[in-house]
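The next block holds one structure in the form of structure tokens; read it before the comments.
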């Protein structure tokens, strides 16, 4: 383990880092230390933190916990990819499969949580004359609540599977499998970052006016942002800091598009089920509205994601590649 006196740097990121507060909210990422030691410390904090969130999300009906679970699972998966040359290949594959399943289940739950929030906004006041619309939305909320409960049960089921799999002992095995590397952490993270730096600009060139490329861009942006979090703060150049800031803004800009798209997709699924005419009318109307809002969000992002903006990221990442 790293000595307690090692200077620490804060893990940057959004509120999903709440699990790492207290004694776990700062990772020992001083670049002059062996890469293997930093890998052990990082993975221990990430994976143990993820388990804690999984426990909380499987028992509490809190949308924010589900979001934490989804983001922390991706953050952990990125860390596994970065440190994979030092780890057991078999264990890395097993963990990434489990994390993917957790992330997908949390993602489905998150989509219903978002739709629930949007339906609440559409509820007319009880004193209004829109009694039929209110009744239809209330029934729809009940259907959404059933799906929310089922998805949270799925999270609980995955947690039980991971417990039987021996999550804690597997984490220990993964950490103990870490191989010694001649490179210090500075050199190691520099070489591992190069691949991410080369991949993202290719994805960024895709047209943001189409849904599929936009989804790929969003995922690539998340992966790159979480990779940059693993760079020691003292090594973050101004271009990379600008990249971080732009990537964070990009995720926020794409948030509305993702939420509206997910809501429209679920409403479309509901419209195929046997429903009363009043219900179908409300569902179809809301689906059209969500699709319209998704297009507006997409156009707004397309305007924001200018050629100059992605070239700025490309320029910062290109410097990393050339310095490798």
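The values are calculated or read from the model by the stated rules, or taken from the named source; none is laboratory data. As the structure is a prediction and not an experimental result, all values here were calculated from the model. Glycine also receives a Cβ, built like all others from the backbone with ideal geometry; neighbour counts cover every protein chain displayed.
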Can you find a residue in the stretch 136-153 that is touching a residue at least 12 places away in the same chain (Cβ under 8 Å), closer than 22 Å to residue 77 by Cα, in a helix (DSSP H, G or I) and under 23 Å from the mean Cα position of the chain (by Cα)? yes
Going by the conditions given, is residue 193 at pLDDT below 85, part of a helix (DSSP H, G or I), under 23 Å from the mean Cα position of the chain (by Cα) and farther than 20 Å from residue 72 by Cβ? yes
Tell me, please, whether a residue that is in a helix (DSSP H, G or I) and under 28 Å from residue 190 (Cα atoms) can be found in the stretch 102-114. yes
Tell me, please, whether a residue that is part of a helix (DSSP H, G or I), more than 21 Å from residue 212 (Cβ to Cβ) and modelled with pLDDT of 85 or more can be found in the stretch 288-306. yes
The conditions are (1) in contact with a helix residue (DSSP H, G or I) (Cβ under 9 Å, 6 or more places away or on another chain); (2) part of a helix (DSSP H, G or I); (3) surrounded by fewer than 19 Cβ atoms within 10 Å (Cβ to Cβ), and residue 93 fails exactly one of them. Which is it? (1)
Among the residues of the stretch 288-299, is there at least one that is buried (at least 19 other Cβ atoms within 10 Å of the Cβ) and under 30 Å from residue 241 (Cβ atoms)? yes
Of all residues in the stretch 118-133, how many are under 30 Å from residue 57 (Cα atoms) and either surrounded by 13 or more Cβ atoms within 10 Å (Cβ to Cβ) or at pLDDT 90 or above (or both)? 4
When you scan the stretch 233-252, how many residues do you find that are surrounded by 19 or more Cβ atoms within 10 Å (Cβ to Cβ) and touching a strand residue (DSSP E or B) at 6+ places or on another chain (Cβ under 6 Å)? 0
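Here is a yes/no grid of residues against (1) out of contact with any helix residue (DSSP H, G or I) (no Cβ under 8 Å at 6 or more places or on another chain); (2) under 27 Å from residue 190 (Cβ atoms):
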position	(1), (2)
248	no, yes
282	no, no
285	yes, no
292	yes, no
312	no, yes
Residue 222 fails exactly one of the following numbered conditions: (1) surrounded by 16 or more Cβ atoms within 10 Å (Cβ to Cβ); (2) farther than 20 Å from residue 302 by Cβ. What is the number of that condition? (2)
Residue tally, condition part of a helix (DSSP H, G or I), over 28 Å from residue 243 (Cβ atoms) and in contact with a helix residue (DSSP H, G or I) (Cβ under 6 Å, 6 or more places away or on another chain), over the stretch 174-190: 2
Members of the stretch 232-272 that are outside any helix (DSSP H, G or I) and modelled with pLDDT under 85: 232, 236, 237
For residue 275, all conditions in the list (1) surrounded by fewer than 16 Cβ atoms within 10 Å (Cβ to Cβ); (2) outside any helix (DSSP H, G or I) hold save one; what is the number of the exception? (1)
